[in-house]
Amino acid sequence: MKTQARVVVIGGGVVGCSVLYHLTKMGWSDVMLLERSELTSGSTWHAAGGFHTLNSDTNMAALQGYTIRLYRELEQITGMSCGLHHVGGVTLAADQDRLDMLIAERAKHRYMGLETEIVGPEEIARIAPVTNADGILGGLYDPLDGHLDPSGTTHAYAKAARMAGAEIVTHCMVTATDPRADGGWDVVTDKGTVVCEHVVNAGGLWAREVAAMAGLYLPLHPMEHQYIVTDDIPEIYERAAEHPHVMDPAGESYLRQEGRGLCIGFYEQTCRPWAVDGTPWNFGHELLPDDLDKIEDSVAFAYRRFPVLERAGVKSVIHGPFTFAPDGNPLVGPVPGLRGYWSACAVMAGFSQGGGVGKALAEWMVEGEPENDVFAMDVARFGDWTGPDWTRLKVTENYQRRFSVSYPNEELPVARPLDTTPAYGIWDAQRAVFGSGYGMEHVNYFARPGEARFETPSFRRSNAFDTVGEECRAVRGAVGLNEIHNFGKYRVSGPNAVDWLNRIMANRVPDVGRMALTAMLSPKGKIIGDFTMMRLAGDVVQLTASYSAQAFHMRWFLQHQEDGVSIENISKKLLGFQIAGPNARAVLAAATGADVSTGALPFLSVRRLAIGHIPVTVARVSYTGDLGYEIYCHRDHQVALHGALAEAGAGHDMRPFGMRAMMSLRLEKGFGSWMAEYRPDYTPAETGLDRFVSFRKNDFIGRDPAMRERDTPPARRLTTFIVEAGDADVVAYEPIFDGDDVIGFCTSGGYAHAARKSVAIGFLPTDRIADGAPFDIEILGQRRRAIVQTAPLFDPQALRMRG
Ligand SMILES: Cc1cc2nc3c(=O)[nH]c(=O)nc-3n(C[C@H](O)[C@H](O)[C@H](O)COP(=O)(O)OP(=O)(O)OC[C@H]3O[C@@H](n4cnc5c(N)ncnc54)[C@H](O)[C@@H]3O)c2cc1C
């Protein structure tokens with residue numbers, strides 16, 4: 001065993017082996033994998049081996065598509081068999097919401113190049129004849145679905161990596177990972193120590209324990225999972241071809257052919273987290289005891305859906321644990337705060353996702369960033385607010401919801417509230433309907449007296465529609481007040497703060513007392529942040545960006561930090577409110593007594609003021625696109641500040657509004673939002689963020705690709721559409737048609753209540769963007785006319801915003 005390597009991968013399950021293979025594929029051959037037992041000794045050996053592309057996140061779906069296509073490549077390289085069975089699969093819809101969801105998925109697949117199709121009950125009975133299609137409305141057929149041999153596939157990854165120079169050491173237990181003074185790691189094992197630059201935690205069932213060796217907590221938890229293999233079934237072995245997979249979300253089951261019988265697994269409501277106190281090191285190549293009582297209801301349902309099962313004997317029961325993150329997606333990437341430490345953990349569908357995880361991680365390590373946006377599985381999408389109990393509850397909820405319909409407006413209830421601001425009680429008393437993001441509660445809208453304080457999950461306009469409309473019109477007609485806690489906020493200070501920011505951000509740091517919007521770019525010129533910079537003093541700049549990107553942004557900042565620059569995440573320390581609407585200035589004037597006229601406080605200026613006895617920082621900007629102000633205060637002063645603003649607003653028809661209204665108002669200004677319009681898949685020129693790039697600056701990250709894009713305009717650009725919608729608006733990823741050709745897709749949309757129009761934002765080929773040009777957008781399976789609208793619907797000359 002060698003004692004030095006560029007990379008040490010800990011764990012020889014399917015994920016570790018995939019990471020190792022992809023590192024060699026990208027040219028790093030000085031890499032090794034350490035496995036405490038034999039390869040596949042965690043969850044991998046007892047997996048059912050099924051794979052599919054279906055994932056509500058399109059980038060995850062694309063990674064799953066990559067994984068599935070990779071298996072043939074592995075077979076060719078190694079001459080080994082992965083035991084592939086490309087039999088196709090159908091996901092059943094037993095109610096309209098499920099069918100709506102599948103139709104929406106199918107729509108996304110159109111521009112992803114996936115050949116899925118919606119099929120009716122008769123077709124389902126024909127292609128998957130063991131299914132009792134009574135009550136089934138339809139389904140989504142995916143020809144790429146299939147299954148494989150988990151062990152053969154893992155060994156094929158391993159062999160391909162070895163062939164390219166990687167070393168794999170089995171029966172080698174890692175007992176410690178210690179950071180070295182030179183920035184590398186000592187990986188201590190029972191066979192000696194390996195010195196390396198990078199450590200990859202692919203510890204699977206033991207990922208928590210491996211993380212703890214580096215003093216790290218990763219939000220993941222193992223769950224017990226069970227599937228049953230039947231004896232031979234004549235209806236199966238008499239068929240000429242293999243039976244396709246059937247996913248039955250109503251029965252929370254997946255079914256496929258196994259040999260001459262069937263194999264069926266369940267995501268039961270009565271599920272159990274496993275090894276709550278930690279995975280025992282002596283858990284070996286073993287299964288958990290059968291527990292058919294736990295899945296009794298699911299089995300009874302399956303007998304009705306697949307009647308042949310009732311007549312079939314049980315050949316074996318496989319009951320084993322595997323790990324999940326709170327939202328079911330993997331935890332991948334550089335771990336914030338630890339140099340050279342990478343996570344490849346919580347991969348709950350190793351045979352659908354393992355290849356994509358390996359590819360993305362290897363690109364990240366070798367090239368500095370993954371080719372595609374992988375935020376949906378970035379380990380930094382969670383922050384330091386997670387803990388074991390929260391994770392266990394959320395993982396259990398996620399397991400139970402594995403086959404649930406996911407609605408775009410849905411707020412999941414478990415383990416809430418977690419983080420709240422001091423204003424929470426004020427909103428609660430005003431009948432707030434809360435949502436949560438990144439652990440923090442925020443107001444979605446305020447239920448009117450007599451209305452339920454619950455928004456019905458729906459793909460269509462919800463019960464909150466009219467109420468949110470009122471909030472929007474109150475802002476545009478008078479003034480609204482909204483909490484601005486869910487911005488990520490950072491204080492960058494020190495003698496080199498401004499120079500450093502001028503290198504990190506694409507726009508120029510503004511003068512003292514001014515603010516500037518800016519893109520933050522990766523070296524490849526992709527958008528990794530949309531920030532507001534407020535210059536509070538010569539060497540102090542406050543940044544604001546998306547609340548949910550805090551760990552993601554802090555990781556980037558700390559990776560690039562230089563001497564003379566201090567960076568503090570003040571997101572929870574600095575709270576406040578925005579007031580927006582034509583009466584906003586009058587409210588602010590009444591609250592401060594200071595001169596807040598446009599001359600004294602022009603658009604994009606920032607001032608320290610006092611509201612009553614409370615010191616605040618006022619920024620003349622509002623994401624509503626209206627006349628508006630963001631008013632920041634210390635967390636301890638928030639309730640007092642609310643009191644002062646409420647008093648000042650009383651004579652000006654001020655009312656509170658929530659995030660639903662906020663997102664509706666920004667649409668009618670065509671303002672983009674993080675992870676919808678601005679994300680690491682897109683570039684400044686594609687999204688219009690090039691307005692906030694200073695091309696005269698010589699030196700900032702991402703400058704070269706941004707310059708190239710300026711000289712050669714991109715093939716696609718974002719534009720806004722007015723949609724002739726029915727009772728459902730655009731959410732995201734709906735295809736845009738020109739005749740029968742899909743020529744673009746939507747990034748977000750909704751109903752612009754004040755303008756009383758359904759609005760979508762999406763990508764079109766640059767040469768097709770012309771005011772009034774007609775296209776169609778598919779919403780829930782129906783083509784809707786969509787007319788390009790190049791000017792903002794509200795205040796196109798920005799007279800209100802700047803006046
Ligand atoms: C019953 C069941 C059915 C499933 N069916 C499917 C399916 O149909 N399709 C699908 O895609 N997925 C399925 N899965 C999930 C799948 O098994 C996992 O996604 C996958 O195995 C995760 O692989 P991994 O490499 O991350 O982890 P693991 O397989 O757990 O591998 C981790 C490895 O790390 C090693 N290790 C840990 N700590 C150390 C240490 N300190 N030193 C050295 N080595 C260490 C372990 O020995 C182990 O070999 C199923 C899981 C179960 C339980």
Along each of its three principal axes, how wide is the spread of alpha-carbon positions in the stretch 501-601, in whole angstrom units, largest first? 45, 27, 25
When the scattering of the stretch 650-803 is computed by the Debye formula from its Cα atoms alone, each counted once and equally, what is log10 I(q)/I(0) at q = 0.17, 0.20 Å⁻¹? -1.01, -1.27
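Please compute one quarter of the surface area of the Cα convex hull for the stretch 630-679 and express it in square nanometres. Don't skip to the end; give the middle numbers.
Details: hull surface 20.0 nm².
That works out to 5.0 nm².
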Per Stokes-Einstein, at 25 °C and 0.890 mPa s, what whole-number D in µm² s⁻¹ belongs to the stretch 289-377, with the Kirkwood radius over Cα pairs as the hydrodynamic radius? 151
For the stretch 83-146, evaluate the Debye formula with one uniform point scatterer on each Cα (no solvent term) and list log10 I(q)/I(0) at q = 0.11, 0.20 Å⁻¹, rounded to two decimals. -0.24, -0.76
Taking H placed 1.01 Å from N in the peptide plane, check which residues at least 5 places from Asp231 or on another chain put their amide H under 5 Å from its amide H. Gly313, Val314, Lys315
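Provide the per residue accessible area, probe 1.4 Å, for the chain, rounded to a whole number of square angstrom. Don't skip to the end; give the middle numbers.
Numbers: 29170 Å² over 803 residues.
Per-residue accessible area for the chain comes out at 36 Å².
Enumerate by residue number the trypsin sites (Lys or Arg not before Pro) in the stretch 738-794 meeting two conditions: DSSP loop (anything except H, G, I, E, B), and at most 14 other Cβ atoms within 10 Å of the site's Cβ.
Details: sites: Arg756, Lys757, Arg768, Arg783, Arg784, Arg785; in loops: Arg756.
Within the stretch 738-794, the qualifying trypsin sites (Lys or Arg not before Pro) (loop, at most 14 other Cβ atoms within 10 Å) are Arg756.
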Using only the Cα atoms, what convex hull volume per residue in Å³ does the chain have? 162
Spin-label proximity, Arg802 to the stretch 589-607 - amide N less than 15 Å from point 7 Å beyond Cα toward beta carbon: 598-599, 602-605
Proximal aspartates and glutamates to Lys294, defined as alpha-carbon separation beneath 13 angstrom and excluding residues fewer than eight positions away on the same chain: Glu224, Glu268
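Counting other Cβ atoms within 10 Å, keep those with at most 10, restrict to DSSP loop, and tell me which chymotrypsin sites (Phe, Trp or Tyr not before Pro) in the stretch 413-498 are left.
Working: sites: Tyr424, Trp427, Phe434, Tyr438, Tyr445, Phe446, Phe454, Phe459, Phe465, Phe487, Tyr490; in loops: Tyr438, Phe454, Phe459.
Answer by residue number: there is no such site.
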Summing -39500 (n - 2.57) over every DSSP H run of at least 4 in the chain, dividing by its residue total and rounding to the nearest 500, the 222 nm mean residue ellipticity is -7500 deg cm²/dmol
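Pop out the carbon and sulfur fraction of the accessible area of the chain as a percent, whole number, probe 1.4 Å. Let's see the in-between values first.
Numbers: 14540 of 29170 Å².
The computed percentage sits at 50.
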Past 24 Å, Cα to Cα, is the threshold; run Lys524/Lys669; Lys394/Lys526; Lys25/Lys524; Lys669/Lys757 against it and keep the listed order. Lys524/Lys669; Lys394/Lys526
What are the radius of gyration and Dmax of the stretch 79-236, computed over its Cα atoms and given in Å? 23.0, 66
Which of the GluC sites (Glu not before Pro) across the stretch 218-282 are loop residues per DSSP, with 12 or fewer other Cβ within 10 Å? Glu238
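Just the number: Rg to Rh for the stretch 436-556, Cα atoms, Kirkwood Rh, two decimals.
On the way: Rg = 18.8 Å, Rh = 17.1 Å.
Radius of gyration over Kirkwood radius for the stretch 436-556 works out to 1.09.
The values are calculated or read from the model by the stated rules, or taken from the named source; none is laboratory data. It should be emphasised that the depicted structure is a prediction, and the values quoted were computed from it without experimental measurement. Every residue, glycine as well, gets a Cβ built from its backbone with ideal geometry; the counts of neighbours run over all protein chains shown. With ligands, DNA and RNA removed, areas are computed over all heavy atoms of the protein, side chains included. Shrake-Rupley method; radii C 1.70, N 1.55, O 1.52, S 1.80 Å.
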